[in-house]
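Notes follow the structure.
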Amino acid sequence: MDVARYARNNLVLQYIPLENFSKLIPHMHIQEVDAKEVLHQAGEPIRFIYFPITALVSMLMPTSDGSTVELAMVGREGFTGMSAFLNNVTTREHGALAKVMTVIPGSVVRMKSDAFITAADSSLPVARSLRRYLSLLFTELALSVTCNRLHSLEQRCARWLLTAMDKSGTTEIPVTQEMLAGILGVYRQSIVQVLNDFETAELIQRGRGAIRVETRERLVAIVCECYFAGRKRTLGR
């Protein structure tokens, strides 16, 4: 497979001018990631940076009691391991901000963090493309805080499903009820009730380890404004 051509499917890499992008190619490798595969563990050194192509990953903030809540979802519009770029030092000194786990299995482009940091430090076009995505990410982080504080679980669940659809391009999301509860930071019983209501209303259909959105328009009708604000910044509409 042509690594260079495939990598350009990631929008961060796509926005880097070809002259600068060509210097990154020797450091790139295509990797397939499984569902629930942990790419970064919170607090541990960031050895690799991942640019999703067909995979969709979740940034999860863990707590001391084992609970989690999603900070952001990353698809082909972004990359993981931003701490390496922001700290601007070797990743042996600073660990990952959050746990990063695959939601939808697929392919990613992997790059060693040292090569990534060197490229960002030595090339303004590379750094500019990375900062462009970080601006989008910070918007998503701010919306997550707002949404978790002000909106109902039904609205938050609808927002997550719609965002997953937008970023993955599929209506069938391979996520279990337990996994979705962990992403939204709620008890499993709570998410089961919401999904029961969604299914009764024929908004979704649950399968074995997956949720398929049946009626996108009706799901959009109940979602909060956070979804539309995030979609406008990420997709321009």
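The test for being part of a helix (DSSP H, G or I), among the acidic types (Asp, Glu) and more than 15 Å from the chain's Cα centre (by Cα) does not hold for Glu140.
Hey, among the residues in the range 163-176 that are more than 13 Å from the chain's Cα centre (by Cα) and touching a residue at least 24 places away in the same chain (Cβ under 8 Å), which one's surrounded by the most Cβ atoms within 10 Å (Cβ to Cβ)? Only one residue tops the list, namely Val175.
Residues that are under 22 Å from the mean Cα position of the chain (by Cα), buried (at least 18 other Cβ atoms within 10 Å of the Cβ) and part of a helix (DSSP H, G or I): does the range 199-219 have at least one? Yes, the range 199-219 contains a residue that is under 22 Å from the mean Cα position of the chain (by Cα), buried (at least 18 other Cβ atoms within 10 Å of the Cβ) and part of a helix (DSSP H, G or I). Looking only at residues in the range 1-60 that are assigned to a strand (DSSP E or B) and of a type in the set (Val, Ile, Thr), which one is surrounded by the most Cβ atoms within 10 Å (Cβ to Cβ)? Across the range 1-60, the extreme among qualifying residues is Ile49.
Condition check: surrounded by 15 or more Cβ atoms within 10 Å (Cβ to Cβ), basic (Lys, Arg) and under 26 Å from Val38 (Cβ atoms). Does Arg188 satisfy that? In short, no. Number of residues in the range 121-161 that are modelled with pLDDT under 90 and acidic (Asp, Glu) equals 2. Tell me yes or no: at least one residue of the range 137-146 is under 28 Å from Thr200 (Cα atoms) and surrounded by 15 or more Cβ atoms within 10 Å (Cβ to Cβ). There is at least one residue in the range 137-146 that is under 28 Å from Thr200 (Cα atoms) and surrounded by 15 or more Cβ atoms within 10 Å (Cβ to Cβ).
The values are calculated or read from the model by the stated rules, or taken from the named source; none is laboratory data. Only a predicted model underlies this, so the values are computations on that prediction, with no experimental measurement involved. Note that we place each Cβ from the backbone using ideal geometry, even for glycine, and neighbour counts take in every protein chain shown.
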